[in-house]
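The values are calculated or read from the model by the stated rules, or taken from the named source; none is laboratory data. These numbers come from a predicted model, not from an experiment. Virtual Cβ from ideal backbone geometry, glycine too; neighbours counted across all protein chains shown. These accessible areas exclude ligands, DNA and RNA; they are computed on the full protein's heavy atoms, side chains included. Shrake-Rupley method; radii C 1.70, N 1.55, O 1.52, S 1.80 Å.
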Amino acid sequence: QVQLVESGGGLVHPGGSLRLSCAASGRTVNNPVMGWFRQAPGKEREFVAAIRWTGTNTYYLDSVKGRFTISRDNAKNTGYLQMNSLKPDDTAVYYCAAGWGANFYSRTSYNYWGQGTQVTVSS
């Protein structure tokens, strides 16, 4: 089973930046899509961003477009989510995921999940 471990979360003021990392270990997987989701208290886990194995064709939640950038370094088995211009509404636990489903926006398309890392945006 693939294991994903997020890091880089923390407390940041509005307008600040964070870079989340997702390190993969364990079995070799076949060209998974990598995604990021987030979950705020009392809300369902929502799609944030996804990227294909090749690094092309990225996809974003509308509210983070232009602020967040998803990337991956397959040689290092690591994915990233660069978050700029953070807003209080971005506060959530962020999860990285990997899978092979066709619908990048759906949680059901991802087979492996990290443990989550807390991002808090507050003044």
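Summary table below
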quantity: Solvent-accessible area per residue, Å², over the chain with all protein chains present [probe radius 1.4 Å]; calculated: 53
quantity: Charge context of Tyr60, other residues only, Cβ under 14 angstrom, K/R +1, D/E -1; calculated: +1
quantity: Alpha-carbon centroids, the range 1-63 and the range 70-101: separation in whole Å; calculated: 3
quantity: Rg over Rh [alpha-carbon atoms, Kirkwood Rh] for the range 13-123; calculated: 0.95
quantity: Computed label-point distance, nm, for sites Lys65 and Gln82 using a 7 Å Cα→Cβ extension; calculated: 1.9
quantity: Net charge, Glu44 excluded, C-beta distance under 12 Å - Lys, Arg +1, Asp, Glu -1; calculated: +3
quantity: Apportionment of accessible area to carbon and sulfur, the chain, percent (1.4 Å); calculated: 46
quantity: For Val33, net neighbour charge (Lys/Arg +1, Asp/Glu -1) across residues whose Cβ lies under 14 Å away; calculated: +3
quantity: Rounded to 5, percent antiparallel among DSSP beta bridges of the chain; calculated: 90
quantity: Radius ratio Rg over Rh of the range 38-90, counting only Cα atoms, Kirkwood formula for Rh; calculated: 1.00
quantity: Separation in nanometres of the label points that stand 7 Å from Cα toward Cβ, at His13 and Arg27; calculated: 4.7
